Each structure stands twice: as structure tokens, then as C-alpha cells.
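The values are calculated or read from the model by the stated rules, or taken from the named source; none is laboratory data. All figures in this text were calculated on a predicted structure; none of them were measured in a lab. All Cβ positions, even for glycine, are placed from backbone atoms using ideal geometry, and neighbour counts span all protein chains on display.
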Amino acid sequence: MTEEASTNQATLDQRNAAFWDELCGSALAGQVGIEDASADSLARFDAAYMEKYPYLEGYLPASFDGAEVLEIGLGYGTLSAAIIARGASYHGLDIAEGPVEMVRHRLELAGQTDGRERVVRGSALDIPFPGERFDYVYTIGCLHHTGDIPRAVSEVHRVLKPGGTAVVMLYHSNSLRQLLKVKLPALLKRRRTDEQVAGMYDSNAVGDAAPHVECVSRGDVRRMFGRFASVRIDVRNFDSTRFVPRERLLGNIDRILGLDLYINARR
């Protein structure tokens, strides 16, 4: 990496750390009236989150049976809690302090007092754990914000044990949202700025767009995950529009034009 690229990456890391200190999921928390981090409030948040993304359960085994699991990109910790509840030896990583503290709190609620050692701040581009450490790595909606998805995927591969599984969600470049709101306007000479596109996916409470958002195709995924022994790609999370109502087409067009690519990759 050149000195200029290194400086640019460091700047993006700092911006991401500041932006994501506001927990991903805060808008949903406001919608369901969550005002604290009590066990009851978090349970209500988790129920609302899983209702919004019901397919997430399908990417979790019934039991981890003590398997070593790393989650990267923690947000409000709903997936973290589900992994912990299924008996994993859980570790977490996030670039921002807010999500780290939330998941440490989740571990305390589960009766585990060593969260400060197992949930840490750091970058997905330089995962602070040794190679071949984990049986599973989960990273949902994180790596496309890093500025270097291939490097992040390489790090995920490095920390997985041989035969281990990574479950990764990345934004889909051929989603209905991209086609209608990015690619069609570009054809009509109404190209959106990077900030405008980022704001279509992630923004904070005051409306600022995420510092960086990147979308990928299935072909991009195949190339980036080329070192893995097997790769399965699912398309999920369909946008509602006034022309194509979500409730009428789930399980059909969403599996082609959904917002998200869910990648199940075995090392």
C-alpha cells in the first residue's frame, strides 16, 4: 500500500469509528421505543430485528457447541446475543467503541464476565487475532464499509480454521434499489454522488451518510472468495417500491434483486 493510500485508509477508519459509534439499528430502536439497554428492552429490540430479517436464523446452527466464533461489525448486538445463546465461545470486533460496549454488556447479561478480553476495538482489515483461530466468522453488513473488501475477505480467510465457515453479508450491486435509484439515473445523466448513494443505505440520526458504501456483484464475490474451498451466495432483503410491493414478491424476485448478498464460504 502506498503512503497516500495508507493515509486515506487511516482517515476512512477514523471517520467510520466516529460514524458507527451510533449503534447500527438505532433507527429501529427508536421505532420500537427502546430507551435503555436493560434485558427486557434488548429482548424487544431483538424480536423486532429478527422480524425484519427473519432469514438470519437460517445462517445459524441450532448449537455452536463451544465452537470458536468471531463476529465483525456488532451494532446493537442482536446477532451477537443469538450466537452467545447457542453456546459459542464468542469473540467480537468493531471499529467503534459504542458497539463494543454494547456487546460486552450482552455478554454480562448472559452471565459471562470476560467480555472486555473477548470483544475488542479494531479493524476488519487487520483482525487482531491469530491465524486459524475460529470455527466461524460472521460479518453482516460491515465489510462493504471498510474501503477494501478484498483485504477484509483475506483477513477473514486468515483467521478461519481449515474447514471453518464464514457468513458474510455485502450489498448487492444488481439490486432493484441500485437499478432504479443509481444505474437508471446515471443513464439519464442524473448521476448520484458517492455520498448520496451511501445515504440511501446507511445514515445516522442527523441524516449524515455513512463515510463509505460499496456494492458488489455475484461475480465480484466469486473472485474475492476465490481462496475458499466452497462458496454459496444467496440474495435477500427486498426493497418495497410503489411499483413492486414487498409483501407480494418475497421468496420470488427478492432472491434475484434483493439488497443483500449473503455469502456462506467454507475454508
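Looking across region 239-267, the residues that are at pLDDT 70 or above and in a loop (DSSP other than H, G, I, E, B) come down to Ile253, Gly258, Leu259, Arg267. Of the residues making up region 72-90, those that are more than 15 Å from the chain's Cα centre (by Cα), closer than 13 Å to Arg118 by Cβ and not small (Gly, Ala, Ser) are Ile84, Tyr90. Scanning region 70-128 for residues that are in a loop (DSSP other than H, G, I, E, B) and either within 23 Å of Ala27 (Cα to Cα) or of a type in the set (S, T, N, Q) (or both) gives Gly73, Leu74, Gly75, Tyr76, Gly77, Ile95, Ala96, Gln112, Thr113, Ser123.
Are any residues in region 56-75 surrounded by 15 or more Cβ atoms within 10 Å (Cβ to Cβ) and among the acidic types (Asp, Glu), and if so, which ones? Selection gives Glu68, Glu71. Looking only at residues of region 224-238 that are assigned to a loop (DSSP other than H, G, I, E, B) and either touching a Lys or Arg at 6+ places or on another chain (Cβ under 6 Å) or loosely packed, with under 15 Cβ neighbours inside 10 Å (or both), we find that the one that is modelled with the lowest pLDDT is Phe238.
Out of Ala48, Ala37, one residue alone is surrounded by fewer than 19 Cβ atoms within 10 Å (Cβ to Cβ), of a type in the set (A, V, I, L, M) and either under 14 Å from Cys24 (Cβ atoms) or free of Cβ contacts under 8 Å to residues at least 24 places away in the same chain (or both). It is Ala48. Per the conditions (1) in contact (Cβ under 8 Å) with a residue 12 or more places away in the chain; (2) touching a Ser or Thr at 6+ places or on another chain (Cβ under 6 Å), the sole criterion not satisfied by Asp21 is (2). Only one entry of Val221, Val213 meets the criterion of being surrounded by 13 or more Cβ atoms within 10 Å (Cβ to Cβ), of a type outside the set (Asp, Glu), part of a helix (DSSP H, G or I) and modelled with pLDDT of 95 or more, and that entry is Val221.
Each row is one residue, and each column tells you yes or no for (1) surrounded by 15 or more Cβ atoms within 10 Å (Cβ to Cβ); (2) touching a residue at least 12 places away in the same chain (Cβ under 8 Å); (3) within 19 Å of Ala110 (Cα to Cα); (4) not small (Gly, Ala, Ser).
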| site | (1), (2), (3), (4) |
| --- | --- |
| Thr2 | no, no, no, yes |
| Ala27 | no, yes, no, no |
| Gln31 | no, yes, no, yes |
| Pro54 | no, no, no, yes |
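Sort out which residues of region 113-170 are buried (at least 22 other Cβ atoms within 10 Å of the Cβ), aromatic (Phe, Trp, Tyr) and more than 30 Å from Phe238 (Cβ to Cβ), and write them in order of number. Scanning region 113-170 gives a single hit, Phe134.
Ala67 falls short on exactly one of the conditions (1) in contact (Cβ under 8 Å) with a residue 12 or more places away in the chain; (2) out of contact with any strand residue (DSSP E or B) (no Cβ under 6 Å at 6 or more places or on another chain); (3) of a type in the set (A, V, I, L, M, F, W, C), and that condition is (2). Among residues of region 201-210 being of a type in the set (A, V, I, L, M, F, W, C) and surrounded by fewer than 18 Cβ atoms within 10 Å (Cβ to Cβ), the one that is farthest from the chain's Cα centre (by Cα) is Val206.
The set of residues in region 1-43 that are polar (S, T, N, Q) and either assigned to a helix (DSSP H, G or I) or modelled with pLDDT under 95 (or both) comprises Thr2, Ser6, Thr7, Asn8, Gln9, Thr11, Gln14, Asn16, Ser26, Gln31, Ser41.
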